[in-house]
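Notes to accompany the following structure.
The values are calculated or read from the model by the stated rules, or taken from the named source; none is laboratory data. Quick caveat: nothing in here was measured; it's all calculated off a predicted structure. All Cβ positions, even for glycine, are placed from backbone atoms using ideal geometry, and neighbour counts span all protein chains on display.
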Amino acid sequence: MTDPVRTLIDELIESQRRLDTPVARFAAAHDAGGAPRSQLIPLSAPGPGEQYAFQVDLDSCTGCKACVAGCHSLNGLDEEETWRDVGLVLGGTPAHPFQQTVTTACHHCEDPACLNGCPVLAYEKDPVTGIVVHLDDQCIGCSYCVLKCPYEVPKYNDRLGIVRKCDMCHGRLSAGEAPACVQSCPTEAIAIVKVSTFRSETPNPELAELSSTDSNYTRPTTRYISKNPLPANLRASDADTLRPQHAHYALVLLLVLTQLGLGLMIGSQLSALNAQPLALTGLALFTAGLVASVAHLGQPFRAWRIFLGLRRSWLSREAVLLGTAFPLLTFAALHPLIPELPFIGHWSLVIGHFAPTISIVAFLLAASGVFCSAMIYTDTRRYFWRFSQTSGRMAGTVLVAACAFVHPPLAAGVLIAKLALELSTSRGHSSSARLQQGPLHRQWGSRVIVGLLTLLLFFANHSVMGFLLFTIGELLERTLFFRAVDSPKMPGVPSV
């Protein structure tokens with residue numbers, strides 16, 4: 001008898017049987033009774049100069065996402081919440097293309113940025129294991145750790161109003177059990193190992209190749225291993241995907257209104273005609289900005305803890321300085337009205353004596369708060385938020401507002417310099433420039449048009465209309481400040 005006719009489907013099925021994937025090799029070894037078993041967790045605790053770390057065998061990772069499902073299930077995460085992700089990197093040549101899946105979670109860094117930036121000390125690094133743990137009951141939901149982490153590890157939970165992240169299943173580890181992702185991986189591509197944490201050691205080179213972030217920043221501990229060298233042109237498959245970031249409207253209002261308010265109050269000290277109206281308007285804007293900032297917090301009733309991170313968090317410093325400046329600015333704006341009150345009497349002389357000193361202290365504290373506002377974003381080490389850009393934008397807002405009713409043409413001159421600074425970020429091929437040229441081009445165009453119209457009004461000495469239009473322009477600019485920022489992260493997959 002002759003063999004039956006082979007169809008294309010038969011050939012494809014046969015070729016699938018010949019694929020030598022990690023899962024196929026493991027299954028074949030298991031069927032033969034000799035499945036290799038690796039040591040998934042260390043048998044002893046880390047010693048001095050050591051800590052626990054994830055180790056990923058790239059040659060064994062298939063991208064099946066069993067680690068993602070295991071982490072989600074065993075940690076009881078919400079439907080849209082993930083603590084572990086799987087991305088894709090590409091490289092090689094057309095003749096020899098290269099593709100590699102990369103599983104990633106928290107890197108439990110030696111110098112974690114999330115811990116260093118948290119204003120309420122909601123992060124701890126275990127002194128024995130080195131695991132970075134998030135304290136849910138301390139978190140106020142400010143999401144600053146999300147901005148600080150260059151690997152997109154902390155995730156904000158809308159339902160709880162706090163941030164959460166991978167803790168290496170430290171409870172399971174302490175009981176001698178492997179973390180969820182380690183236990184669920186069918187090819188044992190993930191393991192827990194002990195790594196050296198001596199500062200003189202060269203940062204993780206494999207992670208530096210897979211990520212676009214300088215590993216000297218936080219000194220991540222995750223180890224990626226492979227028997228094959230990685231191509232020199234390796235890049236994330238979603239490197240060209242443009243994703244506008246969160247607008248953070250409450251922060252937009254905080255930054256714009258407090259800086260406009262401070263500018264008007266400074267201008268009131270320089271104006272002979274409109275001093276009191278300018279001071280009161282400035283105080284109202286400053287107050288509105290502080291009130292709006294509370295809307296940014298997922299847990300506003302815990303906000304009293306924000307002073308706890310004063311030693312190392314710019315966010316704590318901003319909150320303390322602006323909060324301390326507020327009652328002093330209130331006094332500076334209202335003290336000319338105090339002597340007119342019938343029950344003040346001879347105390348008016350005392351008030352008048354100390355009023356100039358209190359006003360100077362108030363302005364210095366508020367200006368220091370604006371400096372801290374700039375440093376909050378500069379400290380994330382994102383290029384779009386570099387110090388020259390961030391401080392120039394925020395100082396420009398204060399200076400234009402200060403000059404708007406005192407010398408409108410001078411305000412126009414400062415605004416020209418500010419617009420030039422902003423325009424410099426829309427040129428080139430950086431992700432921020434491409435975002436402003438692409439998905440955010442309408443918002444960017446609106447900001448430029450409003451800015452130019454504001455210039456015309458200031459040059460024509462129309463202070464009131466110019467200031468109103470300037471306020472609208474600053475709200476647009478500060479929204480772009482958040483939406484167009486570059487977002488360093490581990491490799492992901494392109495959006496469809």
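So that you can scan it fast, the table gives a plain yes or no per residue for (1) within 23 Å of the chain's Cα centre (by Cα); (2) within 30 Å of Ser226 (Cβ to Cβ); (3) surrounded by fewer than 23 Cβ atoms within 10 Å (Cβ to Cβ):
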position: Leu77; (1), (2), (3): yes, yes, yes
position: Val86; (1), (2), (3): yes, yes, yes
position: Ala105; (1), (2), (3): yes, yes, no
position: Tyr144; (1), (2), (3): yes, no, no
position: Pro154; (1), (2), (3): yes, yes, no
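Within region 132-183, track down each residue that is of a type in the set (S, T, N, Q) and either assigned by TED's automatic domain parsing to the domain that holds Thr378 or in contact with a helix residue (DSSP H, G or I) (Cβ under 9 Å, 6 or more places away or on another chain) (or both).
Matches in region 132-183: Gln138, Ser143, Gln183.
Applying the selection to region 446-482, what residues are of a type outside the set (A, V, I, L, M, F, W, C) and under 16 Å from Ser432 (Cβ atoms)?
Once the filter is applied, which keeps residues that are of a type outside the set (A, V, I, L, M, F, W, C) and under 16 Å from Ser432 (Cβ atoms), region 446-482 yields Arg447, Glu477, Arg478, Thr479.
Of the residues in region 437-452, how many are surrounded by 16 or more Cβ atoms within 10 Å (Cβ to Cβ) and either aromatic (Phe, Trp, Tyr) or not in a helix (DSSP H, G or I) (or both)?
Residues that pass the stated criteria total 2.
With Gly323, Gly298 as the choices, which residue is surrounded by 14 or more Cβ atoms within 10 Å (Cβ to Cβ), free of Cβ contacts under 8 Å to residues at least 40 places away in the same chain and either of a type outside the set (A, V, I, L, M, F, W, C) or over 26 Å from Arg393 (Cα atoms) (or both)?
Gly323
Which fully enclosed strands (runs of 3 or more DSSP E) of region 82-140 have 1 or more residues being at pLDDT below 95?
Filter on region 82-140 gives 85-92, 97-104.
Which residue, of Leu468, Leu457, is without any contact (Cβ under 8 Å) to a residue 12 or more places away in the chain and among the aliphatic types (A, V, I, L, M)?
Sole residue among the options that is without any contact (Cβ under 8 Å) to a residue 12 or more places away in the chain and among the aliphatic types (A, V, I, L, M): Leu468.
Given the residues Asp158, Asp126, Asp111, which is the only one that is over 17 Å from the mean Cα position of the chain (by Cα), among the charged types (D, E, K, R) and surrounded by fewer than 24 Cβ atoms within 10 Å (Cβ to Cβ)?
After applying the criteria, what remains is Asp126.
Tell me which of these Pro491 doesn't satisfy, since it passes every other one: (1) touching a Leu at 6+ places or on another chain (Cβ under 7 Å); (2) in the same structural domain as Ala401 (by TED's automatic domain parsing).
(2)
How many residues, within region 28-69, are closer than 11 Å to Val193 by Cβ and at pLDDT below 90?
5
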